[in-house]
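Here the structure is laid out as C-alpha cells; the discussion comes afterwards.
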Amino acid sequence: MSDAPPVPGSAPGTEGRHLLSADLEAARSFMGLSRGWWSGSTASKAWFWTLALASMILVNVGVNVLMNGWHGWFFNALERKDGAAASMAMAAFPLIVVAAAAVGVMILKTRETLQVHWRQWLSAKLIDLWVDRRRFQRLGPSGLEPANPEYRIADDVRWATEPLVDFAIGLLSAIITVVTFVGILWSIGGSLTLGEGERAVTIPAYLVLAAILYGIAVSTLMLLVGRRLPQHYARRNESEAKFRFGLMRLRDSADAIAIGNGQFSERKAIGQTYETLAKRWLAVIGERAKLTWITNGNGALVPVVPLLLAAPKYLSGDMSLGSVVQVAAAFVQVQIAFNWILENFMRIAEWLASARRVNDLAESIDALEAMTPDMRASPKTLAGAAGVLVVHDLVLKDRDGRKLAGPISFELRQGQSLHLGSLGPEAASAVLRALADQWSWGSGVVARDPQARIGAAAQRMRWAETQLGELLAATNPDRIQDAEQVRAVLLRVGLGDLSQRLDETANWDQILSEGERQRLAFARLHLAAPEIVLIDDALHALDETDAAALFADLRASLPAAMLVTAGGSAVLETSASQTLDTGKAPARRPARGSAYRGAKSGTL
C-alpha cells in the first residue's frame, strides 16, 4: 500500500482517478483472496447462510412495502373520518410490527453468523499461509514483510469481512427498494402539470425523476468530497498497529529493557509513535467533518422535499392525504436506498483500508515464494544423504552485509557431534539457524536429508500459551504414546513436579524460571527424537553438575543423533567429538562426493 503524495504537475482529476483505480484493484484483490470460502470445502455452509440472508432481505422489503400501504390506508381513513377503516388499520398494525421485528431478528442472526464463519475461514487461510514453511520467520529477513502482520490477521480481517457482508445486504436491499418504491412513486404521484393552456408543461412521473436526480446529486457530491478518506484511514490503521506493537514490545521485553534502564527511550519512542497516530486521526476527523456537512444537510432535507413536491397536487385535490404520506415515505425509502453509498461512505473507506492491508500480507507471502534461491542471496539448503549433515563453504553475513562467520565446512554422521568453539555468540547462533534453513544472508551450502527432523534448544525458548501436555506432545505426536511417557521424561530432566500439570493451560514462558525452561526444552528433545539436534547455549542457567548430567542423558537417549552445539559451557565443548574454530574447519574435512544428492531445495 502506497502513501505516496500526488505527482506534482499532474492534470486536474488525475489523482482522483488513480485513487478510484487503486480502490477498485484493492476490492478485486480482496475478493480474489477470500472467494474460496464459497467454492471449497466450506461452499455448502457459505451458500446456505448467503441465500438465507438474501431471502430475509427480500422478505424485509416486502414488509416495508406493506408498511407503506398501511400508511395510505390509515391516513385516508383519517381524512374521510372513517372510524371503521381506521380501527381496522390500527388492529392490523401490531401484526405488521411483529412481522418486521421477526424479519429483523432473522437478518441479524443470518448476517452475523455469515460474518463469523467467513472471518474464521479467511483468518485460518492467512494463518496457514503465514505459518506454513516458516514464512512468519522468513518474511522479515526477506525485506518483504509488511508492518504488523499479526494485526492484519487479528483485526484487519475482521474489518475487511464484517462490513462487506453489511455492504452486500445494503446494496441488495437498495436495488430491490429502489425498484419497488419507484413503482409506488410512479403509480401514486403520476405527472405534474405546470402552467395553463398552451404554455402548460407536463412532467411525467415527476416524483420519480425528482427522487433519482436528488439521489444522484447527493451521492456525487459525497464521492467528490470524500475521495481522500480511504487513504487517510489506511494511514491511521497503520499507525494504530505500530502503536500497539510498541506497547506489546515493551511488555514482552520487560526484563531486558528494565535491566538496561531503557524505559526512558522506550517511552520516548512510544510517545513519538502516538504523536504520529494523533496527527493521522486528526486528518481523518477533518475529512469526516467535510462529509458531515453533506450527511446532516441531507438528513434535514430528505423528509421535507417530498412533502414540498406533493403539496401542489394535494392542494389542487389531485392527491389525498394518505397518498401524500405514502409518496413521502416512498421518497424517503428511495433516498435511503439511492444514497446507500452516501450513508456507508466512511465504512467503505475503512473497509478499503483494511482490505488493502490484508492484500499486502497475502501478496508479500506470494512474493516470498516467487523468490528464487539466487534472488535470496542466502545459504542454500540442498537434499543430502540420510544420516549425514554436510556444510560446504558456508559464509554468513548480517542484514548490513557485515561478515559474521566463514567460510565453514564440515561433515557430521550419525552419533557425531560438533561444538562451534571460538565462534562468538552472534556468529554461532547464525550458523545454527543456517543449519535449520533459517538464515537469509550469506552463501554456501547445507546438505541434509530433507526428511530429517531437527530439534533445537536455545537460551530463550518461546512457546504459545497452551496445555503443558500439548506443548510437549507437539514435538513428535507420532512417537509419543501416552501421558505416562511424557511424565517419565519430565522426571528424567528434573521437572517431576510438572508431571501432574499436563492438563494445565498457562503461559509457561512466565511461570517457569530460565533454568526450568531450559530443562523443558531438553524434555522436548527427548520426546521428539530428532535426527539433528541444535543446542545454542541452552545450559547456561544451570550449574555445571546439572548441566553435565542433563546433556549426558540426552546423548544417551539419542545415540544416533547428530549434535551441533554453541556456547561457553565446558560441558558442551568437552562432550563434542569435533570442535570448530573461527574460520577453520574441524580435523575431518567433508568428502565432497557425499555432500549432495542433487540440486533440489530442501524444506523443513
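The values are calculated or read from the model by the stated rules, or taken from the named source; none is laboratory data. This structure is a prediction, so every number in the text was calculated from the model and none was measured. Counting neighbours? That spans all protein chains shown, and the Cβs are built from the backbone with ideal geometry, glycine included.
Brief remarks on what is shown
- Pairs with Cβ under 7 Å, 6+ apart, first in region 38-60 and under 21 Å from residue 171 (Cβ atoms) and assigned to a helix (DSSP H, G or I), second small (Gly, Ala, Ser) and modelled with pLDDT of 85 or more: 38/46
- Residue within region 84-93 that is of a type in the set (S, T, N, Q) and modelled with pLDDT of 85 or more present: yes
- Here residue 560 meets the list (1) modelled with pLDDT of 85 or more; (2) part of a loop (DSSP other than H, G, I, E, B); (3) under 20 Å from residue 473 (Cα atoms) almost entirely, failing just condition (3).
- On the stretch given as region 462-500, residues that are small (Gly, Ala, Ser), at pLDDT 80 or above and assigned to a loop (DSSP other than H, G, I, E, B) total 1.
- From the list 404, 382, 394, the one residue that fits, being hydrophobic (A, V, I, L, M, F, W, C) and either assigned to a helix (DSSP H, G or I) or touching a Leu at 6+ places or on another chain (Cβ under 7 Å) (or both), is 404.
- Within region 526-561, tally of residues that are more than 18 Å from residue 492 (Cβ to Cβ) and β-branched (Val, Ile, Thr): 1
- Members of region 399-413 found to be in contact (Cβ under 8 Å) with a residue 12 or more places away in the chain and on the phi < 0 side of the Ramachandran plot, listed by number: 399, 404, 405, 407, 408, 409, 410, 411, 412, 413
- Among (1) farther than 29 Å from residue 388 by Cα; (2) of a type outside the set (S, T, N, Q); (3) surrounded by 16 or more Cβ atoms within 10 Å (Cβ to Cβ), the one test that residue 536 misses: (1)
- Residue match in region 424-445 (condition: of a type in the set (A, V, I, L, M), touching a helix residue (DSSP H, G or I) at 6+ places or on another chain (Cβ under 7 Å) and not in a strand (DSSP E or B)): no
- Count of residues meeting criterion [surrounded by fewer than 16 Cβ atoms within 10 Å (Cβ to Cβ) and either farther than 17 Å from residue 528 by Cβ or not aliphatic (A, V, I, L, M) (or both)] in region 560-572: 2
- Applying the set (1) surrounded by fewer than 16 Cβ atoms within 10 Å (Cβ to Cβ); (2) modelled with pLDDT under 80; (3) among the hydrophobic types (A, V, I, L, M, F, W, C) to residue 174 leaves exactly one unmet item: (1).
- Any hit, region 41-57, residues being out of contact with any helix residue (DSSP H, G or I) (no Cβ under 9 Å at 6 or more places or on another chain) and at positive phi: no
- Residue in region 578-600 that is in a helix (DSSP H, G or I), loosely packed, with under 13 Cβ neighbours inside 10 Å, modelled with pLDDT under 80 and in contact with a strand residue (DSSP E or B) (Cβ under 9 Å, 6 or more places away or on another chain) present: yes
- Residue within region 208-219 that is part of a helix (DSSP H, G or I), small (Gly, Ala, Ser) and without any contact (Cβ under 8 Å) to a residue 24 or more places away in the chain present: yes
- The listed residue being free of Cβ contacts under 8 Å to residues at least 40 places away in the same chain and either of a type outside the set (Val, Ile, Thr) or closer than 25 Å to residue 86 by Cβ (or both), out of 322, 299: 299
- Meets criteria (farther than 30 Å from residue 337 by Cα, out of contact with any Pro (no Cβ under 7 Å at 6 or more places or on another chain), in the same structural domain as residue 308 (by TED's automatic domain parsing) and surrounded by 14 or more Cβ atoms within 10 Å (Cβ to Cβ)) for residue 237: no
- So residue 456, is it outside any loop (DSSP other than H, G, I, E, B) and farther than 30 Å from residue 503 by Cβ: no
- Within the set 66, 108, the sole residue that is in the same structural domain as residue 45 (by TED's automatic domain parsing), closer than 22 Å to residue 155 by Cα and surrounded by fewer than 16 Cβ atoms within 10 Å (Cβ to Cβ) turns out to be 108.
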